[in-house]
Number of protein chains: 2
Amino acid sequence: MAVIPKGEGRHHHGALRRALLDAVGEIVREAGPEAVTLRECARRAGVSHSAAAPHFGDKRGLLTAFVTEGEARLAAAMRAEVAALPTEADAAARLAATGRGYIGFARANPAHFRLMFRTDLIDRGDPAWRAAAEDGFAVLDQAMAEAVPGMDPRSRRARLALAWSTVHGFSTLRAEGVGELWQETVARDVVDLVVAACVGGDGFGGELVAPPPQPSPAQRGRESEE
Amino acid sequence: MAVIPKGEGRHHHGALRRALLDAVGEIVREAGPEAVTLRECARRAGVSHSAAAPHFGDKRGLLTAFVTEGEARLAAAMRAEVAALPTEADAAARLAATGRGYIGFARANPAHFRLMFRTDLIDRGDPAWRAAAEDGFAVLDQAMAEAVPGMDPRSRRARLALAWSTVHGFSTLRAEGVGELWQETVARDVVDLVVAACVGGDGFGGELVAPPPQPSPAQRGRESEE
DNA sequence: CGGAAAACTTGACAACGGTCAGTTTCGCGC
DNA sequence: GCGCGAAACTGACCGTTGTCAAGTTTTCCG
């Protein structure tokens with residue numbers, strides 16, 4: 001049944017690897033990341049409950065392979081949003097487009113996005129995942145580099161952290177359903193604001209000076225969990 | 001053994017409710033949110049695994065009660081950071097302090113913080129949790145209101161979403177251990193940048209105009225998960 | 001064509017969350 | 001001071017999960 005892509009087709013089933021990954025996607029879409037079950041995936045793929053082991057090792061392996069594809073699609077979404085820009089768009093507009101791509105991917109695939117940052121469920125040592133994640137980061141990193149050329153390292157670092165934090169926080173809070181201020185128009189405004197904050201001025205905190213980083217008295221309080 | 005806080009002590013154990021919540025805290029601190037197990041909590045409290053039912057109903061109830069305390073502590077951390085400011089601090093400085101309080105709490109209690117946003121594990125309909133969460137949000141909301149008085153609703157909304165997204169994204173990415181640019185000095189710079197972006201200018205996106213919110217062609221792509 | 005390797009199945013195991021009938025303990029009215 | 005209703009708590013059971021060990025089937029390749 002169907003062509004075997006050489007070295008992948010075995011036994012009566014064929015492309016089980018693909019079928020299992022698709023099953024994960026289905027379950028994630030229907031019932032969220034926490035509903036993904038090795039046995040349910042096998043059930044949907046029509047195989048026995050431990051058929052995934054030869055392909056993925058354990059549950060972590062399966063989920064890691066799944067989110068690796070998600071990481072690639074996230075990077076592609078950011079690049080696509082930039083590519084959709086008119087040719088005369090400047091670096092700031094491209095940075096904004098990258099941010100919209102990030103947020104847009106999370107909006108279109110909330111459960112997948114949520115799973116991508118469940119570090120307890122995936123193996124961050126996996127080389128394929130690591131490569132995909134670094135590629136995604138590179139998209140944002142490069143967009144920032146082009147938007148603020150020649151900026152000193154500390155300011156660039158701060159702006160990179162700011163941009164990533166903002167789009168990630170927005171996406172997370174929306175995907176998690178916390179509060180109600182995450183409409184699409186707000187998303188665009190937030191991206192515009194953060195881009196303006198990045199490209200405007202070349203200090204690291206505008207007119208606010210950063211005092212030496214001694215811990216504030218309030219922070220040393222009774223909280224010290226780990 | 002120990003004094004009974006009236007109406008709470010029963011059987012041979014006494015304040016089981018408190019003991020179970022503390023056990024959750026221990027486990028979360030030692031092994032992360034995903035390691036929390038009803039049976040292990042009961043084990044540490046020295047009771048049988050179904051002893052939690054009368055107090056919390058089910059696992060969700062226990063975790064919800066736990067994160068409700070976390071929500072209160074988060075609000076307290078933000079308020080404490082503001083209170084530690086010199087009296088002559090202006091509204092912008094207080095907004096920044098609030099942000100540092102948010103990030104500081106997440107830094108001091110990363111696992112607790114992570115659990116607080118695991119919407120699959122907690123019951124967001126719980127009245128106590130809802131009240132605590134709204135109180136925490138009110139801290140940020142009020143700090144923003146004082147920092148940008150008389151701003152039009154759309155711009156205020158955008159700035160509120162920006163500020164929350166930023167501190168939350170920063171905290172999440174650091175707690176989740178994604179990437180390596182989340183040092184304390186970067187945290188301060190990011191907060192300063194975002195506060196400057198909020199108080200500076202009264203448009204919603206600085207010099208960037210917001211085009212009508214039609215979906216960009218790149219966004220309508222092949223992604224449509226849910 | 002035959003043996004080795006890989007894919008897949010089957011069955012077992014410990015641990016989990018939830019439920020239930022029963023037992024123990026407490027608060028409180030008498 | 002004493003029972004008695006109510007609540008806390010126990011222990012056993014069920015269905016489900018992830019992982020493992022062993023066996024079976026299929027495919028590849030010499």
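Throughout, read-outs are computed from the coordinates displayed, never taken from laboratory work. This is a predicted model, so every value here is computed, not measured. Cβ coordinates were reconstructed from backbone atoms using ideal geometry, including for glycine residues, and neighbour counts include every protein chain displayed.
Data for the structure
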| item | result |
| --- | --- |
| Copies compared at A:Ala35 - label distances in nm, ascending, label defined 7 Å from Cα in the Cβ direction | 3.0 |
| Cα-projected label distance for B:Gln183 with B:Arg124, points at 7 Å along beta-carbon direction, nm | 3.6 |
| Segment A:Glu134-A:His13, length gained on full extension (0.36 nm per residue, minus Cα span) | 40.2 nm |
| Per-copy distances of the A:Asp141 label point, shortest first, in nm (7 angstrom along Cα→Cβ) | 4.0 |
| Other copies of B:Arg118: label-to-label distances in nm, shortest first, labels 7 Å along the beta-carbon direction | 1.0 |
| Extension gain from B:Ser48 to B:Gln142, taking 0.36 nm per residue of separation minus the Cα-Cα distance | 29.3 nm |
| For A:Asp123, residues with placed amide H under 5 Å, excluding near neighbours | A:Thr64 |
